Amino acid sequence: LTGVAIAQSPGQPLAPRQLFPSSIVNVRSPDSDGWLLTGAASNGIAFGKKGDRPNETFGAQVVIFEMPSTTSGDELVSFVKKRIAVANPSPRFQETSATYQFTDERGYPCVNVRVAFDDTAAITPSGSESLKLQVIALYCRHPVRQQLGFFAAYSHRGKTDDDQIESAAKGFIAGIEVPKE
């Protein structure tokens, strides 16, 4: 993240809710044990952990990106839908359900996203296989730097859906905050 000095290298364990501050968005790691830093760059940070089942993984990430101007909540929702479609192209990703809902509960425009895919070519230690991918995310326009957007996403990939994902995702997303200027 811009303005963040990451004192850890990828693969190192994280404390629950470990803070990664920056000038654009402050990020906290997920609020449970077993998470690792899996990537850090000027435009974002990613965390991951293995699940209890074979080839089951959890991911959490925050990414900052350039955002075109939008004049309505519907335009913002449309932008987010297109961005997610590009990031998860068919035929590999087969969308099985999706909801996109505009919200301004944070005091700035955002879109709540719930999307599920069949990932027909997930890369696992045992090779490529078909797994379910669930993603809960919040995409927002930055309230101060209007030309920027950011998203916080929490995901689960495995043979079956994770019926506990909602509370963990909400906790992670709630820990992502724009710094007070």
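The values are calculated or read from the model by the stated rules, or taken from the named source; none is laboratory data. Computed from a prediction, not measured in an experiment: that's the story for all the values here. Cβ coordinates were reconstructed from backbone atoms using ideal geometry, including for glycine residues, and neighbour counts include every protein chain displayed. Accessible surface areas use protein heavy atoms only, side chains included; no ligands, DNA or RNA. Shrake-Rupley method; radii C 1.70, N 1.55, O 1.52, S 1.80 Å.
What's the long-distance tail for segment 1-157, i.e. % of Cα pairs beyond 24 Å?
Working: 4672 of 12246 pairs.
Summing the P(r) of segment 1-157 above 24 Å gives 38 percent of all pairs.
Which whole-number value in Å² is the accessible area per residue of segment 5-69, probe 1.4 Å? Present the calculation step by step, with values, prior to reporting the outcome.
Details: 3350 Å² over 65 residues.
For segment 5-69, the solvent-accessible area averages 52 Å² per residue.
Please list, in chain and number order, the residues 5+ apart from GLU56 or on another chain whose amide H is under 5 Å from its amide H, with Hs placed from the backbone.
GLY51
Per the 1.4 Å probe, what fraction of the accessible area of the chain, in percent, lies on carbon and sulfur atoms? Intermediate results must be reported in sequence, preceding the final value.
Values: 4810 of 9450 Å².
That share works out to 51 percent.
Label points 7 Å out from Cα along the Cβ direction at LYS180 and GLU75: separation in nm?
Distance between label points: 3.2 nm.
Counting only heavy atoms of protein chains, what accessible area per residue, in Å², does segment 119-176 have with a probe of 1.4 Å?
On the way: 2510 Å² over 58 residues.
For segment 119-176, the solvent-accessible area averages 43 Å² per residue.
How long, wide and thick is segment 72-181, going by the Cα atoms along their three principal axes, in whole angstroms, largest first?
48, 26, 21
Averaging over every viewing direction, what projected area does the convex hull of the Cα atoms of segment 1-93 cover, in nm²? Walk me through the intermediate numbers first.
Values: hull surface 31.7 nm².
Hull-based average projected area comes out at 7.9 nm².
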